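Notes for the one structure printed next.
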């Protein structure tokens, strides 16, 4: 399980780095995102922010902190009321 967690985290980190590094390639192949153009001003910023978020998720998954983070932030939404 530890090796799968590390490999999965590294894979997410590589994907996130690609989003940040090759933003122009994603712009040409995926295109502009209307929501990002309206709210952020540019789709390039959206791709870079998405890449950074993916990198953080990969780091948390690799170190085993992702489960605790999700329980601490959105875990209360899925607990039945008592």
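Every number in this text was worked out from the coordinates using simple rules, so none of it is lab data. Treat the numbers as computed from the prediction; the structure is a model and nothing was measured. We place every Cβ from the backbone using ideal geometry, glycine too, and count neighbours over all the protein chains shown.
Observations on the structure shown:
- Among residues of the stretch 23-80, those that are under 18 Å from the mean Cα position of the chain (by Cα) and outside any helix (DSSP H, G or I), counted: 6
- When residues in the stretch 28-38 are screened for being touching a helix residue (DSSP H, G or I) at 6+ places or on another chain (Cβ under 6 Å) and within 18 Å of residue 52 (Cβ to Cβ), 2 of them pass.
- From the options 57, 53, residue that is touching a residue at least 24 places away in the same chain (Cβ under 8 Å) and in contact with a helix residue (DSSP H, G or I) (Cβ under 7 Å, 6 or more places away or on another chain): 57
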